[in-house]
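Reviewing the structure listed below.
The values are calculated or read from the model by the stated rules, or taken from the named source; none is laboratory data. On a predicted model such as this, the values are computed, not experimentally measured, just so you know. Every residue, glycine among them, receives a Cβ derived from its backbone with ideal geometry; neighbour counts consider all protein chains shown. Each accessible area value is taken on the protein alone, full model and side chains, heavy atoms only, with ligands, DNA and RNA left out. Shrake-Rupley method; radii C 1.70, N 1.55, O 1.52, S 1.80 Å.
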Amino acid sequence: SCGIGNGTQIAGIIAGSGKVQGIAPEAMLLNGKVLNDSGSGTASSVIAGINWAVEQGADVINLSLGAPIAEDDTPFNQAVRDAIAQGVVVVVAAGNCGSGCASSGCNGFVGITMPGNTKEAITVGAVDASSNAACFSSNGTIGLEIKPDVSAPGVAIVSSVPGGTESKTGT
């Protein structure tokens, strides 16, 4: 339930160079496209991407995606846990199913989306310029764990996107 192009936007925030420079412009990125151009895909394609990143020796995996599912013991969650067990840091979007203004892809679901609901993952929510939780940013509890684990600016963020243009959309 995260927006189309979030992975590309996050890549620019991390390692962008040029007019819009990222926070770690010298970082080496391994880009794995696991969703189609409409932002849809299957759990099996994302799991294959997670496994591919681990096989390539990734230190960190970012998953800027989510599905409005509360269950936290799916094969998708297990793939995240397996990557973490192999020493990979997995950072996952909390989702856009917040109680303030959830996205249309939430189908009435409010809460942390899967795989952001994986207890062992670092789940990231969004705040606005005033450090207030963004109305769309998912939050909740997974067992006794409060999610998201951390929040970061996620409203009107400028990042590099293909073609040298800029995106000012939420994350």
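Quick one: Karplus J couplings for region 114-119, per residue in order, coefficients 6.51, -1.76, 1.60, θ = phi - 60°, nearest Hz, x for Gly and Pro?
Listing the rounded values in order: 7, x, x, 7, 6, 3 Hz.
Calculated from the structure, semi-axes √(5λ) of the Cα gyration tensor in Å equals which of (1) 27, 18, 17; (2) 32, 16, 13; (3) 22, 21, 15?
(3)
Could you run the Karplus curve 6.51 cos²θ - 1.76 cosθ + 1.60 with θ = phi - 60° over region 70-78 and give me ³J(HN,Hα) per residue in whole Hz, x for Gly and Pro?
Calculated HN-Hα couplings, in order: 7, 4, 10, 10, 8, x, 4, 4, 5 Hz.
Counting Lys and Arg as +1 and Asp and Glu as -1, each charge on the Cβ, what is the dipole of the chain about the Cα centre in debye, to the nearest 20? Before the final figure, lay out each step's value.
On the way: 6 positive and 13 negative charges, 73 e Å.
I would put it at about 340 debye.
Divide by every residue of the chain the summed helix terms, -39500 (n - 2.57) for each DSSP H run of at least 4, and state the resulting mean residue ellipticity at 222 nm, rounded to the nearest 500 deg cm²/dmol.
Numbers: 3 runs with 34 residues, N = 171.
One gets -6000 deg cm²/dmol as the mean residue ellipticity at 222 nm.
Quantify, in whole percent, the carbon and sulfur part of the accessible surface of region 7-50 (1.4 Å probe; protein heavy atoms only).
On the way: 1520 of 2750 Å².
Exposed carbon and sulfur together represent 55 percent of the surface.
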